[in-house]
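Heads up: the structure comes next, in structure tokens.
The values are calculated or read from the model by the stated rules, or taken from the named source; none is laboratory data. Small disclaimer: the values here were computed from a predicted structure and weren't measured. Glycine also receives a Cβ, built like all others from the backbone with ideal geometry; neighbour counts cover every protein chain displayed.
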Amino acid sequence: MKTISFLGNGSYSNRGCEAIVRGTTNLFYEELGDCRFISSYFQVDGCNDQKLEIDHSIIHQPFPIQKRFSPRWIEGKIKEKFFSEPAALSGVKTTLAKSLLNADLALMLGGDNYTLDYHRPDVYFRINQEVIKRGIPCVLWGASIGPFSALPEYEAWAVKELKKVNLICVRETISQGYLDNLGIQKNVLLMVDPSFYMSTEEIPLSDDVEKFLCQDCIGINLSPLIATTSRTTGNWQEDYEKWLIVATEWIERISGQCQLPILLIPHVTSETSDMKRDDRIFLSKIEQKLGRKDQILLLKEDLNAAQLKYVISRTKIFLGARTHSTFAAISTCVPTICIGYSQKAQGVSQDVYGNNDWLIDTKSTVDPSEVASKVTALYQSRKEIKQMLSSKLPHFKALARNAVQKIDETFLKND
């Protein structure tokens, strides 16, 4: 039985992080048979992943939380300042060594860790170095890469580090093209996000949710993260309130123009009610402001990633800000508009549709009437788009299987 280490992912409260794990394990079970997985991830406060785990083959060894001003946090800040070691790496090395002790392979999860979307990915590159130093195959798995062009010196360093990795399995052609332009080709393979391989889990739902889903229901996921990435005022609270006003106008205009029920679907939540990351808090404010529960309803059930995918699969069309909410829709052939602020949304749109017709770029498009018109057009074209997605899905899944087969043939069969 092969032991595979999962590294760098986030907590399951981000259902996208859970979807990556579920899809990945499904792929490896299908191609390799029984496997053992050691999952080391960056927890958040209140994380219950280990207690709630549904797959007994996954052993949780999370990285310790660094609370602000704790001894570990202070140690990390000192090392960052005087020894150029990422602060987040403090306390990680001990857990990392344990996770890699009997590993045959290390998969770097997380999807968009190797970008500048949130911060410099120094800690992930350092984890790569630790894996490679131990002689364990290091694979960047289902990843979006870069661009790092805003920081030329950092980009030059990143190129050297990326060439050291055994295999980079990118999830969009736009990442593949970026790496190709940097002269990184030999260790790059195109795949699809592993969440495409996560199954849906059918569950009973509340009467009001079931009523919406039995109609031509529009599923919508909007995220407070848009406020964090826009930073139009420089003050997070002001940006949050500004984005909340815009998002509410979007929903109101979509409802008025489409005349269809709207189900608001959170995809990232927080055990500590963190407004910066919790979709449910953000969407509940929209529901309260509009106050029309016969037309606009918040999904309140606390569902896992596979159960959320089931709900999303039953919507007629979908509009999503969280990347993995859109993957849940696309991989179940639901016509989807991606809301994006970065390269990865453009990459998804290009690979799925061949254009950006069904993309809303929040850096340039915020007008409610324009958004509503795009949603209306998607609904009117839903049958053709659904058929197109159905025809492409086997190819997408084949890319994911091919990536596992490549890993097996290159790194595992000769062990």
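Overview of values
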{"item": "Criterion (at pLDDT below 95, of a type in the set (Gly, Ala, Ser) and within 22 Å of the chain's Cα centre (by Cα)) met by exactly one of Ser13, Ser40, Ser70", "result": "Ser13"}
{"item": "Selected residue (criterion: modelled with the lowest pLDDT) from residues of region 226-259 that are surrounded by 20 or more Cβ atoms within 10 Å (Cβ to Cβ) and either outside the structural domain of Asp361 (by TED's automatic domain parsing) or aliphatic (A, V, I, L, M) (or both)", "result": "Ala227"}
{"item": "Top-ranked residue in region 276-320 [being part of a loop (DSSP other than H, G, I, E, B) and acidic (Asp, Glu); ranked as surrounded by the fewest Cβ atoms within 10 Å (Cβ to Cβ)]", "result": "Asp294"}
{"item": "All positions within region 118-136 that are assigned to a loop (DSSP other than H, G, I, E, B) and either of a type in the set (Ser, Thr, Tyr) or surrounded by fewer than 16 Cβ atoms within 10 Å (Cβ to Cβ) (or both)", "result": "Tyr118, His119, Arg120, Arg134, Gly135"}
{"item": "Only one of Tyr114, Tyr154 that is surrounded by fewer than 21 Cβ atoms within 10 Å (Cβ to Cβ) and either touching a Pro at 6+ places or on another chain (Cβ under 6 Å) or among the aromatic types (Phe, Trp, Tyr) (or both)", "result": "Tyr154"}
{"item": "Every residue from region 107-142 that is among the aromatic types (Phe, Trp, Tyr) and under 13 Å from Glu161 (Cβ atoms)", "result": "Tyr114, Tyr124, Phe125"}
{"item": "Positions within region 346-371 being within 25 Å of the chain's Cα centre (by Cα) and outside any loop (DSSP other than H, G, I, E, B), in sequence order", "result": "Gln346, Gly347, Val348, Ser349, Gln350, Asp351, Val352, Tyr353, Leu359, Ile360, Asp361, Val371"}
{"item": "Selection status of Asp216, at pLDDT 95 or above and acidic (Asp, Glu)", "result": "no"}
{"item": "Filter result (free of Cβ contacts under 8 Å to residues at least 60 places away in the same chain, of a type in the set (D, E, K, R) and in contact with a Lys or Arg (Cβ under 9 Å, 6 or more places away or on another chain)) within region 214-267", "result": "Asp239"}
{"item": "Check on Asp216, closer than 19 Å to Cys338 by Cα, of a type in the set (Asp, Glu) and touching a Leu at 6+ places or on another chain (Cβ under 8 Å)", "result": "no"}
